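The values are calculated or read from the model by the stated rules, or taken from the named source; none is laboratory data. No experiment lies behind these values; they were computed from the predicted model shown. All Cβ positions, even for glycine, are placed from backbone atoms using ideal geometry, and neighbour counts span all protein chains on display. These accessible areas exclude ligands, DNA and RNA; they are computed on the full protein's heavy atoms, side chains included. Shrake-Rupley method; radii C 1.70, N 1.55, O 1.52, S 1.80 Å.
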Amino acid sequence: MTSEGTKRFEELKIGFIGGGNMAKAIAGGIVKKGLLSYSQIYVSGPRMHSLESWQSQGANVYTDNGTVCEICDVIFLSVKPHILPEAMANICMNSRHKIRSKLFVSIIAGIKLEALENLFRSFDSCRIIRTMPNTPMMVGEGCTVYCPGEGATENDVKIVRTILEALGICYMVPEGMIDAIGALAGSGPAFAYLMIEAMSDGGVKMGIPRAMATQFAAQTMLGAAKMVLESGKHTGALKDEVCSPGGTTITGVHALEKGGVRAAIMDAIECAATKSAELGRRHVS
């Protein structure tokens, strides 16, 4: 980005190498917040038919990754870990000599900054910031962490933070925390959906219509989460406020404890974090 110090945020062109769900969540959130329009977004993927939903929104679509890198100021690397070498080969084969002074933002699970910087070392004056976002940023409730690479500038960090803060909360963290936070916040929505579905199933079992059961389960989860964030109380204290002696809630909590719900959720976070680190080691040496 040759004029990164003077170019205003609303003048930037944002690229996505890979047009999957996370890329859509980020782009959709940016547009919904009014930061950019889809005409300023460029997306590449291996097949044009998979980019039709982007094109229908007004984004610019290509099957050549290098074109997106050449045009854009900020490029999100949003492919799966095992696809990254192929995506890089496509960039290098077609456009390496034209790519300079770009900011690359990785949202790829497990791939460390050192490996990313090695991949982009042949590109002149390019910088890397590693992030780990989650899909609720689509509705402005994202939870993201980021870690700048060695060459990232203060302005690079400001650009990425502007995007992430518009889509939820974000924190800069040491890179060593990213796999664990990715498991908690990145994979966490899937765990929450599973719990909402289970609560809905329980409601249906007890005679509540499915649509109502799902709405009530989701709203209950949302309300409980806001209580945690806005009350400042410990989760245990909030739980105790709902559990009357000998009442219905403590009976239900007992059933959850017998089922090992805490251990199962803790194991899920640990397994997801371990898998993230494994993906990074396996696909980029």
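Put a plus charge on the Cβ of each Lys and Arg, a minus charge on the Cβ of each Asp and Glu, and nothing anywhere else: the dipole of the chain about its Cα centre is then about 300 debye. Excluding same-chain neighbours fewer than eight residues apart, the lysines reachable from K80 by a Cα-Cα span under 22 Å are K24, K102, K112, K275. Sparsely packed loop sites in the stretch 1-92 (the trypsin sites (Lys or Arg not before Pro) outside DSSP H, G, I, E and B with at most 16 other Cβ atoms within 10 Å) comprise K7, R8, K33, R47.
Using only the Cα atoms of the stretch 1-140, build the gyration tensor, take square roots of its eigenvalues as a ≥ b ≥ c, and label the shape rounded, prolate or oblate: rounded if a/c is under 1.5, else prolate if a/b is larger than b/c, else oblate. Judged from the Cα gyration tensor, the stretch 1-140 comes out rounded (a/c under 1.5). The charge dipole of the stretch 49-206, taken about its Cα centre with unit charges on the Cβ atoms of Lys, Arg (+1), Asp and Glu (-1) only, comes to about 200 debye.
Between the Cα long axis of helix 154-165 and the first principal axis of the chain there is an angle of about 40°, rounded to the nearest 10.
Between amide H atoms placed 1.01 Å from N, distances below 5 Å from Y62 occur with V43, S44, G45, all of them 5 or more places distant or on a separate chain. Model label points for F9 and F191, set 7 angstrom from Cα along the Cα-to-Cβ axis, are 3.1 nm apart. For the chain, the 222 nm mean residue ellipticity estimated from helices alone, with every DSSP H stretch of n ≥ 4 adding -39500 (n - 2.57) and the total spread over all residues, rounds to -15500 deg cm²/dmol. If one takes the longest principal axis of the Cα atoms in the chain, at what angle in degrees, from 0 to 90 and to the nearest 10, does the Cα axis of helix 210-231 lie? Rounded to the nearest ten degrees, it is 80. Out of these labelled values of percent of Cα pairs over 30 Å apart, (i) 37; (ii) 52; (iii) 26, which was calculated from the coordinates shown here? The value computed from this structure is option (i).
Axis angle, to the nearest 10 degrees, between helix 261-283 and the longest C-alpha principal axis of the chain: 10 degrees.
With a simple spin-label model that places each label point 7 Å from the Cα along the Cα-to-Cβ direction, the separation between H234 and V173 comes to 2.3 nm.
Our note on the geometry: Cα centres of the stretch 25-83 and the stretch 200-223, 36 Å apart. Could you tell me whether the stretch 143-182 comes out rounded, prolate or oblate from its Cα gyration tensor? Rule is a ≥ b ≥ c as square roots of the eigenvalues, rounded for a/c under 1.5, then prolate if a/b exceeds b/c, otherwise oblate. Oblate shape, in that a/c is at least 1.5 and b/c is the bigger or equal ratio. Label the stretch 146-285 by shape, choosing from rounded, prolate and oblate, from the square roots a ≥ b ≥ c of the eigenvalues of the Cα gyration tensor; if a/c is under 1.5 it is rounded, and otherwise prolate applies when a/b is larger than b/c, oblate when it is not. Judged from the Cα gyration tensor, the stretch 146-285 comes out prolate (a/c at least 1.5, a/b above b/c).
Using a probe of 1.4 Å on the protein chains alone, the accessible area found for D124 is around 80 Å². Peptides 155-163, 107-115, 84-92 ordered by packing proxy, namely the average of other Cβ atoms within 10 Å per residue, highest first: 107-115, 155-163, 84-92. Centre-to-centre separation between the Cα atoms of the stretch 251-285 and those of the stretch 101-175: 25 Å.
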